[in-house]
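Just below is one structure, and these are the notes that go with it.
Here, each number is a calculation from the coordinates, and none is a lab measurement. Keep in mind that this is a model prediction, so the values were computed, not measured. Virtual Cβ from ideal backbone geometry, glycine too; neighbours counted across all protein chains shown.
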């Protein structure tokens, strides 16, 4: 069976007006349907199974196909945020006759089944509370890393109805990927928010996601094509910020791991060291053109002033008391900076997951911030004292 074949004419008829405006631009010919799915346009028609085909060039089929794809992919993306709310709200709207399914979407009537409403409602109630508790929401998201993409793919394929297996697999894979993208963005954002011990950020994010799902479902109902455009823009934005989100999540998890294992790490790391790891040593060799001697080196994460959430080390040399170096460990993006701190200041701020060192350059008006895991609190305190002592004579000279 060929996947594509030339369209065959069907009996001419008026395109009846509908709430979604399928009659627009249809003229006096319509697309035939196969299994409730309109045939595609452009002179070719997708072979979904047995049935009739359409005149090429008709605008009705194009609009109908875009509506189907908009709803399929829209449900998939919303499922990545909250699968149970997506299913429960859709099924409740169908069951209570708040919306009326047209012939093309009768295959979604199963969402109004008693069992589906009951199960999705129970799990939505569980998620409603679990999603608002720090770190419990992360555990819940971890459990749903597979469930949400699978649920999104299933909903998308159900929208298409009795389509060919090949087409269902293609759409299912695309829909599952879109669900996984929104799920990953949600889970990553929660991990970052969990760095703060207060619960209000999590509650706000959770409520915002719930309203986003309800708003997305409403947009799908009133204008599926606009919803498709909006969801694709959201997807592209998510993919664009994915590397930054990944680094932020990796940093938070590393800091949380070091926090949980504080007794094990804290005993051994109490003094400043002049040792450099392999990648840091290679990067520092490129900055240290005068072959200065390393006074101390402390592993840290960038926070402000440099690209955020890059692992590396803050380095001081014997010869230059008013200068520090940061060398990143990444092989893919070289983050290396010489910090001129003449006349500047240093501030240490203890935190829940990490200690932060803030450096200010009074001459160049630049500010930097670096994060150090809690197991290195004593080292950070000694490092801050060392920087102050080394900058004090320089400040006196400036005055």
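Do the conditions hold for residue 169, that is, is it surrounded by fewer than 17 Cβ atoms within 10 Å (Cβ to Cβ), touching a helix residue (DSSP H, G or I) at 6+ places or on another chain (Cβ under 9 Å) and over 26 Å from residue 235 (Cα atoms)? For residue 169, the condition - surrounded by fewer than 17 Cβ atoms within 10 Å (Cβ to Cβ), touching a helix residue (DSSP H, G or I) at 6+ places or on another chain (Cβ under 9 Å) and over 26 Å from residue 235 (Cα atoms) - is not met. Quick check on the range 155-163. Is at least one of its residues surrounded by fewer than 16 Cβ atoms within 10 Å (Cβ to Cβ) and more than 19 Å from residue 88 (Cα to Cα)? Within the range 155-163 (the criterion being surrounded by fewer than 16 Cβ atoms within 10 Å (Cβ to Cβ) and more than 19 Å from residue 88 (Cα to Cα)), the answer is yes, since at least one residue qualifies.
Among the strands (runs of 3 or more DSSP E) confined to the range 276-370, the ones with at least 3 residues that are touching a strand residue (DSSP E or B) at 6+ places or on another chain (Cβ under 7 Å) and surrounded by fewer than 20 Cβ atoms within 10 Å (Cβ to Cβ) are located at 294-304, 336-340, 345-349, 354-361.
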